[in-house]
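So the structure is just underneath, and the comments pick up after that.
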Amino acid sequence: MNAPVTNAPAKPFDRPGHVGQPLSRPNAKRLLAGRGRYVTDITLPRMLHAVFVRSPYAHARIADVDIAAAQAMPGVRLVATGADLARLCTPWVGTLDHFKGMKSPPQLPLPLERAVWAGQAVVAVVADTRALAEDAAEMVAISFEELPPVTDLDMAQAEGAPRVSPELADNMCFRAGLDTGGVDDIFANAAHVVEGEFHFGRHTGVTLEPRAIIADYDPSEERLTVHHATQTPYQFQDLYARHYGIAESRVRVIAPDVGGSFGVKLHVYHEDMAVVGLSMMLGRPVKFVADRTEAFVSDIHARDHRVKARAAVAADGTILAMDVEDETAVGAFSTYPRTSAVEGNQVIRLIGAPYTLAGYRADLKVLFQNKVQTSQYRAVGHPIACAVTERLVDLAGQKAGLDPFAVRAKNMIADDAYPCASATGYKFEALSHQACLAKLHTLMDYDRLRSEQAEARARGIHRGIGIAAFVEITNPSPAFYGIGGARISAQDGAIIKITPSGEVRCLISVTEQGQGTETIMGQIVADYLGVSRDIVDRTSGGAQAQGQRARRRRGHPPGPARRAGSRERRNRRARHRAGAHQPFGGGAHRLFPLRYAARRHQCPALGGASLRTAGLSLRLHQRHSRLPCGGGCRDRAGEDPQAFRGGGLRPHHQSAAGGRTGARRRGAGARRGFLRRVPL
Amino acid sequence: MKARAFSYVRSETLADAYAAFAQAGDASYISGGQSLVPALALRLQAPELLVDLGAVAEMHGVTLDGDMLRIGGLTRHAQMLTEPLIARHAPLLAQAAPHVAHPAIRNRGTLGGSVALADPASEFPAMMLAMDARMEIFGAAGTRLVPADAYFQDLYQTALEPGEILVALHVPSVGPRHRWAFDELTRRRGDYAMVGAGLQGLFEEDGRIEHIRIAFFSVAATPVRVKSVEAALAGRKIDAALIAHVQGLIDAELDPAEDEHLPPAMRLHLARVLLGRLLQTVSSPT
Ligand SMILES: Cc1cc2nc3c(=O)[nH]c(=O)nc-3n(C[C@H](O)[C@H](O)[C@H](O)COP(=O)(O)OP(=O)(O)OC[C@H]3O[C@@H](n4cnc5c(N)ncnc54)[C@H](O)[C@@H]3O)c2cc1C
C-alpha cells in the first residue's frame, strides 16, 4: 500500500525522524490552555453584529417585508432584504459541468420572492451587539403566504407534484447511471437473488465551534478581509471576489483556529455571503456566529437516501452482480460550489467496491425538496455505500450457507489482483482486503466471540457481530472538482522559508481544524529538510495570510523519540560526510549553509513552478498537484485503528496533504503530490 | 441566542419576593436557572423582572421534624447525592438524582425549581408522588401544604397560583419496613427519560406488600401513579406471576401520546419492562 507511485524518488525519506512517529501535536497545549483564537474571539474596532430573521415555513411566498419598526430599534445600523444584497452580489448556481444534465436554480444571499426551507434567512439585521440585533429582529414583520412544500422523495417525484423551483421543469436535480452491461442476464441465471431497501435519515455535522465569520470591507482601498471559520480559505477568496466583483488580490480570507469542520465549513452559506455584502454596505466589520439552533436549520445536512439494492449470487456464494437504485432528497437547490450530487454519485460508485463483481448497474436520482441544503459531510457517501453493500453480502452469505467471514473472503478482490478497477470504474493501486480480513479475524478472536454470542443467546441476550469492508476515497486532487469548473483547491500549496537564523517557516494553505494538519506538515518538512521539527514553524489557514500569523510553536518530541532523533542525526551526518545527497544536511539546530539559499533553481518536477530563492527565502509552491483518483484509495479496515484516532485529512484537503491517516501514509502522499525531492 | 433585557431583584424574604413579583406584573422567579435561563436565551420567555429566590432563608436547608423530612426548595440536585438526611430518610431522591441531567446542571438546579416547573419528563416530580410528599407553598394567604396527589394538574400546571412560591418539600421518612426502587430508560445517560418510574412501598415482615405507590414519568402530561397496579399489589407477595399480571394492567392505566420521539406502543412496552424490573428489585428487602 505504501509503494511509491509514478515518478516518486527511488529512496524517499532516507532520513526518517518524525514521519511515522507518534508525536504530540505542537498546537494541542495552546488550545488546551484556552489560548486558541477562534473567529468568535476576534473583536475588530467598529465591529457590528448580524442576525437573521428566518422563515418559519418550508415553502412560502414572501408577500411583504416591513422593516421600519426594526430600523427604529436602539443600536440598529442596517436592516437588509434580499433585494438590497442582490444589488451587490451576483447569483451562484450549484452545478458541476461534468455532471451532465444537472440543474439547480440560482441562489442569492437572501431570497427575493420565496422562502424554500424552514429556517432560511430572509432578512438581515445589523446592530451594535448581537442582543440588540436580536431585539430588532423580533420587530421585522414578514408576511408569508404558504405554498405547498415538497417534503420527501415520493412527493418530489409524484405526478403533478408541487415544484420546488417554478423555473425548473421538475424536481430532479441530477440523474446518473452506471451499467457494465449484462446485468439482467446475470440476475436471470443466478442461483439466488438477495435484496433490500435501505432508508437513511438526515445527518449533520455538529462542530464544537459553530459557523462563524467576520467580513471587514474597507471602502477606501476596496479591500475585503474575511475572518472565517472555514476549511477552505482559498476557495472563499475566489468566491467572494467573483460574486462581489472585487479584485482577487484585494480579498483576503483568514481561517484562524477552527473548532471542527467535518465538511460542514466548506460550503457557501447564505448568511456568510450576506455578511460580506452587509459589511460592504456599511463599510464596517460585521460578525455573524451561528448559534446551535441556527446551525441545525442552516448547516448542510447529508445522507437523506433511500436505496433499493439487490445482488445476484451463485450457489457457492459468489456474488455475481449488484443492481442499485439510489434516490436522495437534497435541499431546495444544490449546494455551491461542491453541489448536492457528489454524495449520491459516490454512493453508486462505492457500492460493491471491495468485491469482485462481474456486473453492476446503478441508477441515481437526486431530487429537490423544501429542506435544508445538503452536501459533503464526513466520508461523503461512504457509510451508505458500505451499509448497503455489507447488508447484501450478509444476505448472500445467509443464502449460500456461508459464515460472514467466509462470504467476504470468497468475494473480496484478491490481494494479488492489483492494480485493478472496481466494477464502477474506480482504479485501485494496491489494497489488501484479504490480508486485512484475516488479521481482523485474529484480532477480534472471532471464534471465541461467536461461542460467547451463542452462550449469551441461550440466556436471552441478543448480541450482534458485524463485519464490514470498505474502500475510502482519499486525496482526489484539485481535479476532482476542477474538472467540473469549481476552483476549490487550485491554489493550495505551501511556502517554506528559511530564515537567516536557520529556522524554517512553513506556510500551508490547508487549514487545521483539529485533525493534526500542522503536526503532519511539521513532520514532513522537518524530515524532508533533515532538521528537528522544533525549528519548523507552521502556519496554516489563510489565503494571503502567510506571514501574518507566523507564531512560534515549539513542540518537543517525547524523550525516547528525541534520543532516537539524535542518533539518527549522527547517522545522517555520517551519511552526509560520505557524500549522500542531502540538500540541507547537518545538525538539527545548525544554521543552513547560505550557499544553498543564495542560488536560484528551476524546478521542472514541480509542474513548471519555480523554486526560487528570494533573499534568504526558499519557496516551494506547487499550485496544481494532480493525483490519480485511485492512488489514495485504501482499505480502511486494514490499518491499525490507532492510526484513525484524531482523524486525518479529509478528501477535501486533497492537494497538499497527501494521504490522510498514519504518518507513513502522509509521507507517501507528500512524495506524490506535495514536496517532491528537488535536486538543488 | 441572547435573552431580551430584563430587570433583576434578589429578595431576602418570601413576602418581599411575593410583593416584587406581584408588583411587576410580568415576572419570573429564578432558582437554579437551569430551565429558566435556556428559555430566556431562546426567547421562549421574556419576563420584565426576574425575582431571585436564592437569598430566602426558609428555602435553604434540610431538617427532620419527627417523621417528616423538610427539604428546602433551594436544595440543589447535587445535594440529593450528598446530604445524609436525604440518604437516610428520602432515599428515592438520592437514587433518582444521578439520572437528572449532568453534574454541572445538578450543581445549580434545585429541587424546588424542578417540582415548581413540573416537567412531565422530570425525575423528582414523579418521586414526590411515589413518596407521598407535601408541597409547602407560600401565597397571598400565607403558607399551605398541598399533597403531591393534588399538586400536579396538567402539562406544566400545578397547584401553584401565579406568584406563589414553592418553599419546601415535606417527605415522610422511610422506616425499616419500606422498600423503594428507581429506574429509567434513556438513550444516553443524562437525557430526559423515554420512560422512568420510582416506587416506594411498605412491606409486611413476610414480604407481602401492605401498600405501595408507583409513579411513572415521561408517559403523560404530568407524572402519574398507576393506581390499578398499586391496588393489585396490595396484600400480595411479589412473584413472577404477579409481575406479569400487573404488567398487563399498564396498557389500561397509561395512555401516552404520540410524539416525535417514540410511538405510544413503545412507551407502553418500556413502561411494562420498567415496572417488572422495579418490582423484581423490591421483591427482596432493599
Ligand atoms: C442540559 C439539561 C439537561 C437537563 N436534564 C434534566 C433531566 O434529565 N431531568 C430533569 O428532571 N431535569 C433536567 N434538567 C432541568 C433541571 O433539572 C432544572 O434545574 C430544573 O428543571 C429546574 O430547576 P432550577 O432550580 O434550575 O429552576 P429554574 O430554572 O430557576 O426555574 C424553573 C421554573 O420554575 C420556576 N421556579 C423556580 N423555583 C421556584 C419556586 N421555588 N417556586 C415557584 N416557582 C419556581 C421558575 O420561575 C421557572 O419558571 C436539565 C436541564 C438542562 C439544562
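Couple of notes before you dig in:
- Residues in segment B:1-33 that, when all protein chains are in place, have 40 Å² or more less accessible area than the chain alone would give (probe 1.4 Å): B:M1, B:K2
- If the segment from A:R202 to A:T151 were pulled out straight at 0.36 nm per residue, it would be longer than the present Cα-Cα gap by 17.1 nm.
- Sites B:S228 and A:E222 - FRET efficiency at Förster radius 45 Å, r taken between beta-carbons, to 0.05: 0.05
- Most to least accessible of B:Y18, B:Y156 (protein chains only, probe 1.4 Å): B:Y156, B:Y18
- Count Lys and Arg as plus one, Asp and Glu as minus one, and take only other residues whose Cβ is under 15 Å from that of B:A57; the net charge is then -3.
- Backbone phi angles across segment A:77-91, fed through the Karplus curve with coefficients 6.51, -1.76 and 1.60 (θ = phi - 60°), yield HN-Hα couplings of 9, 6, 10, 10, 10, x, 5, 4, 6, 5, 5, 9, 10, 7, x Hz in residue order; Gly and Pro are listed as x.
- Helical segments meeting 18 Å axial Cα length and Kyte-Doolittle -1.0 threshold in chain B (DSSP H): B:264-282
- The sum of -39500 (n - 2.57) across all DSSP H runs of n ≥ 4, divided by the residue count of chain B, sets its helix-only mean residue ellipticity at 222 nm to -9000 deg cm²/dmol.
- Legend: residues in segment A:105-146 shielded by at least 20 square angstrom of accessible surface upon adding the remaining protein chains to the isolated chain (1.4 Å probe, heavy atoms) are A:R130, A:A131, A:E134, A:D135, A:E138.
- With every protein chain in place and a 1.4 angstrom probe, the accessible-area ranking of B:Y29, A:Y269, largest first, reads B:Y29, A:Y269.
- Taking a sphere under 13 Å around the Cβ of B:S122 and counting the other residues whose Cβ falls inside, with K and R at +1 and D and E at -1, yields a net charge of -3.
- Ranking by accessible area, most exposed first, for B:T186, A:T293 with a 1.4 Å probe: A:T293, B:T186
- Inter-label distance, A:D64 to A:R463: 6.7 nm, where each label sits 7 Å from its Cα along the C-beta direction.
- Solvent-accessible area of segment B:7-52 (1.4 angstrom probe, protein heavy atoms only): carbon and sulfur portion equals 52 percent.
- Computed with a 1.4 Å probe over protein heavy atoms only, the accessible area of B:R10 comes to about 130 Å².
- With the convex hull of the Cα atoms taken as the outline of segment B:180-281, the averaged projected area works out to 6.2 nm².
- Take every Cα pair under 8 Å whose residues are at least 6 apart in sequence, average their separation, divide by the length of chain B, and the relative contact order is 15 percent.
- Phi angles of segment A:130-139 translate, via the Karplus equation with coefficients 6.51, -1.76, 1.60 and θ = phi - 60°, into HN-Hα couplings of 4, 5, 5, 5, 5, 4, 5, 4, 5, 8 Hz per residue; Gly and Pro are given as x.
- Length-normalised contact order of segment B:57-172 in % [C-alpha pairs under 8 Å, at least 6 apart]: 29
- Nonpolar atom fraction for segment B:57-172, defined as the carbon and sulfur part of the 1.4 Å probe accessible area, stands at 55 percent.
- Accessible area (Å², per residue) of segment B:180-281, counting only protein heavy atoms and a probe of 1.4 Å: 46
- With a Förster radius of 56 Å applied to the C-beta separation of A:H98 and B:D67, the computed FRET efficiency comes to 0.10.
- For segment B:176-286, the Cβ-based charge dipole about the Cα centre amounts to some 280 debye (Lys, Arg positive; Asp, Glu negative; other atoms uncharged).
- Euclidean distance between Cα centres, segment B:95-148 to segment B:1-66, Å: 16
- Toward the positive end of the charge dipole of segment B:57-172, with +1 on the Cβ of Lys and Arg and -1 on the Cβ of Asp and Glu, the farthest Cα among B:A87, B:L169, B:A159 is that of B:A87.
- Sorted largest first, the spans of the alpha carbon positions of segment B:7-52 along the three principal axes are 30, 20, 12 Å.
- Where N is the number of residues in segment A:342-482, Cα Rg divided by 2.2 N^0.38 Å: 1.22
- Excluding same-chain neighbours fewer than eight residues apart, the lysines reachable from A:K100 by a Cα-Cα span under 17 Å are A:K365.
- The separation of segment B:232-281 from segment A:362-405, counted between C-alpha centres, amounts to 38 Å.
- B:A104/A:E452 FRET efficiency (R0 30 Å; Cβ-Cβ; nearest 0.05): 0.20
- Scanning residues 5 or more positions from B:S173 or on other chains, those with amide H under 5 Å from its amide H are B:M68, B:L69, with H placed 1.01 Å from N in the peptide plane.
- Normalised contact order of segment A:260-394, rounded percent, pairs of Cα under 8 Å and 6 or more residues apart: 29
- Accessible area buried at the B-A interface, both sides summed, 1.4 Å probe (Å², nearest 100): 600
- Area of A:M172 that stays accessible when all protein chains are in place (1.4 Å probe, Å², to 10): 40
- Within the full protein context, the accessible area of A:R310 is estimated at about 70 Å² for a probe radius of 1.4 Å.
The values are calculated or read from the model by the stated rules, or taken from the named source; none is laboratory data. Predicted model only: the values in this text are computed from it and were never measured. So basically every Cβ, Gly included, is an ideal-geometry build from the backbone, and we count neighbours across all protein chains shown. Each accessible area value is taken on the protein alone, full model and side chains, heavy atoms only, with ligands, DNA and RNA left out. Shrake-Rupley method; radii C 1.70, N 1.55, O 1.52, S 1.80 Å.
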